Amino acid sequence: MLPESEKIGFIFDLDGTLLQNINFFLRDMPRQVAQFYGSEFTPEMETFVKSMMFEAFGGSKLKGKTPILRAILKTAKLYNIPWYKRLQFLKVNYQVYKKGITNMSLIPGAEDILNVLTQKNNFPIGICTTSSEEEIKLRFQNRPEFLDRFNGALIGRDTVKNPKPAPEGILKLSKKWGIPPNRLVMVGDFSADVEAGKNAGTTTIGVLSGFCTLETMKEANPDFIFQDVTKIPENLPDILNKIQESV
């Protein structure tokens, strides 16, 4: 266990990093909405939905407090929804979202890894996500005890002025823990997670359990690329060495 002066913190993205729910956003949810409107969810529609969700989760083009809502509105034309029926379209999407999101599985082994970090190594852990605080709690509505392990270190897009890829959320946790950014590790499945970590000055880990392919993750150029978060403990010596190099 590291002495207090050398404490390290781990910050995790949520969707695709700790939660196994990317297929829900990209396929299951829009397919259910298409079925509601009597439409077929075609490969072309899936490609369009994927591009919109990339923008929403990545924070690149659909900025603001409701990026996913705006992404959904952009998909309305796929279903030939006239403008005067788009409020109903949003309600249908929200009903499907609310029903499905509370039943998302964790990445297999993710909970064990968090226990290794917190109980064995005494590292503080936090969440920094583009979801709102309400959406974070909705995801764990059926298992609120999961969030207790983070001791309130939950950063949603509505708790900062500038969400990822801005470093504000990470820096907020840095201040909360009293740990400088160069002793923090940002873990995420998206280029915006890596960019946010780099902007804050942290060590960065990209995981391939969510949005990014190996090729797109290499373009983001994190310090480490793992298949998923379960690879963190076996690579912890290398991660600690990387942090020491940056101090």
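A few points about this structure:
- Selection within region 109-136 - part of a helix (DSSP H, G or I) and farther than 24 Å from MET53 by Cβ: GLU111, ASP112, ILE113, LEU114, ASN115, VAL116, LEU117, THR118, GLN119, LYS120
- Residues that are aliphatic (A, V, I, L, M), within 15 Å of PHE12 (Cβ to Cβ), open to solvent by less than 10 Å² (accessible area, probe 1.4 Å) and assigned to a loop (DSSP other than H, G, I, E, B) do occur in region 226-234.
- The listed residue being surrounded by 16 or more Cβ atoms within 10 Å (Cβ to Cβ) and touching a Phe, Trp or Tyr at 6+ places or on another chain (Cβ under 8 Å), out of LEU147, LEU154, LEU114: LEU147
- Residues (open to solvent by 70 Å² or more (accessible area, probe 1.4 Å) and modelled with pLDDT of 90 or more) located in region 1-22: GLN20
- Leading residue by the ranking (farthest from ILE232 (Cα to Cα)) among those in region 122-136 that are surrounded by fewer than 16 Cβ atoms within 10 Å (Cβ to Cβ) and more than 14 Å from the chain's Cα centre (by Cα): GLU134
- Of all the criteria given as (1) more than 20 Å from GLY9 (Cβ to Cβ); (2) touching a residue at least 12 places away in the same chain (Cβ under 8 Å), the one not satisfied by LYS161 is (2).
- Taken as a whole, the structure places LYS198 among residues that are under 17 Å from the mean Cα position of the chain (by Cα), basic (Lys, Arg) and open to solvent by 10 Å² or more (accessible area, probe 1.4 Å).
- Restricting region 159-182 to residues that are part of a loop (DSSP other than H, G, I, E, B) and more than 19 Å from ILE243 (Cα to Cα), the residue that is most open to solvent (accessible area, probe 1.4 Å) is LYS161.
- A residue that is basic (Lys, Arg) and touching a Gly at 6+ places or on another chain (Cβ under 7 Å) cannot be found anywhere in region 112-120.
- Top-ranked residue of region 80-95 - restricted to ones that are in a helix (DSSP H, G or I) and open to solvent by less than 20 Å² (accessible area, probe 1.4 Å), ranked as nearest to ILE22 (Cα to Cα): ASN93
- In region 137-158, the qualifying residues are those that are in a helix (DSSP H, G or I) and not hydrophobic (A, V, I, L, M, F, W, C), and the one that is nearest to ASP13 (Cα to Cα) is ARG157.
Residue-wise test of (1) among the basic types (Lys, Arg); (2) under 20 Å from ASP112 (Cα atoms); (3) touching a strand residue (DSSP E or B) at 6+ places or on another chain (Cβ under 7 Å).
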residue: GLU168; (1), (2), (3): no, no, no
residue: VAL187; (1), (2), (3): no, yes, yes
residue: PHE190; (1), (2), (3): no, no, no
residue: THR204; (1), (2), (3): no, no, yes
residue: LYS231; (1), (2), (3): yes, yes, no
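The values are calculated or read from the model by the stated rules, or taken from the named source; none is laboratory data. From a predicted model like this one, the values you see are computed outputs, not experimental measurements. Here the Cβ is made from the backbone with ideal geometry for all residues, glycine too, and neighbour counts use every protein chain on show. We work out accessible area using only protein heavy atoms, side chains counted, and drop any ligands, DNA or RNA first. Shrake-Rupley method; radii C 1.70, N 1.55, O 1.52, S 1.80 Å.
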